[in-house]
1. Where is the GNM fluctuation largest for the chain (alpha-carbon springs, 10 angstrom cutoff): Gly11, Gly35, Gly64?
2. Rounded, prolate or oblate for the range 26-78? Axes are the square roots of the Cα gyration tensor eigenvalues, ordered a ≥ b ≥ c, and the cut-off for rounded is a/c under 1.5.
3. Within the range 45-72, find all residues whose amide N lies under 13 Å from a label point positioned 7 Å from the Cα of Asn16 along Cα-to-beta-carbon.
4. What does the charge count near Ser42 come to, summing +1 for each Lys or Arg and -1 for each Asp or Glu among other residues with Cβ under 11 Å from its Cβ?
5. Cα gyration tensor of the range 49-97, axes a ≥ b ≥ c as square roots of the eigenvalues: rounded (a/c below 1.5), prolate (a/b > b/c) or oblate?
6. In the chain, what is the volume of the convex hull around the alpha carbon atoms, normalised per residue and reported in Å³?
7. Explain nothing, just the number: relative contact order of the chain, from Cα pairs under 8 Å at least 6 residues apart, as a whole percent.
8. Within a Cβ distance under 14 Å of Met28, other residues only, what is the Lys/Arg minus Asp/Glu net charge?
Amino acid sequence: MNEWIPKRSIGAIPLNGLRTFDVVVRHMSLKKAAGELNVTPSAVSHRLRVLERVLGCRLIHRQGAELRLTENGRRLAPALAHGFEIIIEAVGNLQPE
């Protein structure tokens, strides 16, 4: 973990922002990500800005409709994708009571 996010404050990182970033990376489009998340492109952009502010770094460069991952974004994306795959698998393995 990076020194600038102490373990005790990891709960301050918005899960919906991480999920939004993961979906944006898969589509590389705010509009397509918004469609998958059932929110507006403006809401997607807002979630990304909040996440970047909390993390203290840029994850995506926006140039009009074109999106490019920053170095930090390229580092974070595969870890998030893997983490969400694990969560989806774990939830899928739950048994009804």
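1. Looking only at Gly11, Gly35, Gly64, the biggest GNM fluctuation is shown by Gly64.
2. Working: a/c = 1.70, a/b = 1.40, b/c = 1.21.
Note, shape of the range 26-78 comes out prolate.
3. Only 45-51 pass the distance filter.
4. Numbers: positive: Lys31, Arg47, Arg49; negative: none.
Counting the neighbours of Ser42, the net charge comes to +3.
5. prolate
6. On the way: hull volume 11.6 nm³, N = 97.
Residue-normalised Cα hull volume stands at 119 Å³.
7. Working: 70 pairs, mean separation 22.0, N = 97.
Worked out over the chain, it gives 23 percent.
8. Working: positive: Arg26, Lys31, Lys32, Arg62, Arg68, Arg74; negative: Asp22, Glu36, Glu66.
Summing Lys/Arg as +1 and Asp/Glu as -1 gives +3.
Each value in this text was obtained by applying a stated rule to the coordinates, not by laboratory testing. The structure presented is a predicted model; accordingly, all values stated were derived computationally and were not measured. Here the Cβ is made from the backbone with ideal geometry for all residues, glycine too, and neighbour counts use every protein chain on show.
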